[in-house]
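Below is one structure; the comments refer to it alone.
The values are calculated or read from the model by the stated rules, or taken from the named source; none is laboratory data. As the structure is a computational prediction, the values presented were derived from the model and not from experiment. For neighbour counting, all protein chains shown are included, and Cβ atoms are generated from backbone atoms with ideal geometry for every residue, glycine included.
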Amino acid sequence: MKAILAALLLLAACSGLLVVLSRDPKRQVFAIAANGLVLGLLFTALQAPDVALSEIAVGTALTPLLYLVTLAAIAMNRARQ
Amino acid sequence: MTARWRLGLLIAAMLALAPAVWAVVTALPPFGSPTAAYGQVVNRLLPHLRTVSNMVAAVNFDVRGLDTLGEESMLLCAVTGAVVLLRGSRGEDRAEHAGRVPGRATIERDDASIVVCRIGAPILLAFSAYVALHGTVTPGGGFQAGAIAVSALLLVYLGDGYARWRSRVPHPLMAFIEGLGALLFVLCAALPLAWSVPALTSLLPTGKWKDLYSGGLMVPVNIGVALAVLGGFAVLVAEFMEETRTPESDPVPDEEDA
């Protein structure tokens, strides 16, 4: 269990770093989704399944989708101008 | 200030703060040790007082139920604000068919991804109903159930395209569900006042501990929150997606487009 926790904590730090270091917004969205998934697994490992459920549903599905849609809308607006 | 100066300042600040951070970190209780007195009290008292086995639900929907009502209204206000903001530039009228941007490539879905989405969506919906109904028994509850239900609806979009998503998940219905859920929560909070007892007091039978029906009023409150979250997020996603369409272009109702 300790090894799994350590690995997940490390993964959370790495995926969080990836969000900050990637400069392309589209890549950032996917990095943030991966970070959400890792956090969901971490919460599961720490025996907080209810928080994990909301993190996975909101953090890896809904928020990234809204970001992607927003990026698409911005791109459309730029093309029209 | 050049980049090198900034880096130097950062390192100096970190060095200056390091002893304080170290002192706090070493004084922390060991990792995973349950020290919070509130949690211990809740664990000891609530199974008997409220006959629920999910203590998080007991705290959220009973002990601090009024706070949760405030959070729920916050979600409602946030969604309403986003809708007003987006419709302000687009107009109140809803196009009959899904708009389509001329010249945008139509992405054909793989049979495999269509099948996975069509099988996955109903399973996820059933799971969200399970999570909502077992809110007082097992981890989860209304918010989680609503968020899972919305991701099930998103699978319809992923597998069958925007036009069909728009017809299968009617936005007015989602707005109605959101309002219905919020109303159910408000009624559950306000009706006990008519009997001269504090808001959210459970007048329903408490049920059996660890049973599907346990916790009395927390069951309808959980369902209300699930409906409100489902409707709220669905409306939000729908309004955002309308932003990437041009309604004045030729409607192509049956075409799958990405």
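Key figures for this structure:
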read-out	value
Which numbered condition B:THR51 misses (of (1) in contact with a strand residue (DSSP E or B) (Cβ under 8 Å, 6 or more places away or on another chain); (2) on the phi < 0 side of the Ramachandran plot)	(2)
For B:ILE107: the one exception among (1) within 30 Å of B:ASN54 (Cα to Cα); (2) not in a helix (DSSP H, G or I)	(1)
Of residues in region A:48-81 being free of Cβ contacts under 8 Å to residues at least 24 places away in the same chain, of a type in the set (A, V, I, L, M, F, W, C) and more than 7 Å from every other protein chain (Cβ to nearest Cβ), the one farthest from B:ALA105 (Cα to Cα)	A:ALA48
Filter pass, A:LEU53 being in contact with a Pro (Cβ under 9 Å, 6 or more places away or on another chain), surrounded by 17 or more Cβ atoms within 10 Å (Cβ to Cβ) and under 22 Å from B:VAL229 (Cα atoms)	yes
Residue in region B:175-190 that is without any contact (Cβ under 8 Å) to a residue 40 or more places away in the chain and surrounded by 19 or more Cβ atoms within 10 Å (Cβ to Cβ) present	yes
Long-range neighbours under 6 Å by Cβ, at least six apart or interchain, first residue in contact (Cβ under 8 Å) with a residue 24 or more places away in the chain within region B:73-85, second assigned to a helix (DSSP H, G or I) and of a type in the set (Val, Ile, Thr)	B:VAL79/B:VAL235
Residue count, region B:54-95 (criterion: crowded, with 19+ Cβ neighbours inside 10 Å and farther than 30 Å from B:MET218 by Cβ)	0
Looking only at region A:1-45, and only at residues there that are exposed (fewer than 15 other Cβ atoms within 10 Å of the Cβ) and within 17 Å of B:GLY32 (Cα to Cα), the one that is nearest to the chain's Cα centre (by Cα)	A:LEU9
Matching residues, region B:26-82, being of a type in the set (Gly, Ala, Ser) and outside any loop (DSSP other than H, G, I, E, B)	B:ALA27, B:ALA37, B:GLY39, B:ALA57, B:ALA58, B:GLY65, B:GLY70, B:SER73, B:ALA78, B:GLY81, B:ALA82
Residues (more than 20 Å from A:GLY40 (Cβ to Cβ) and either in contact with a strand residue (DSSP E or B) (Cβ under 9 Å, 6 or more places away or on another chain) or within 8 Å of chain A (Cβ to nearest Cβ) (or both)) located in region B:130-160	B:THR136, B:VAL137
Selection status of A:PRO25, closer than 18 Å to B:ALA147 by Cα and either modelled with pLDDT under 95 or more than 14 Å from every other protein chain (Cβ to nearest Cβ) (or both)	no
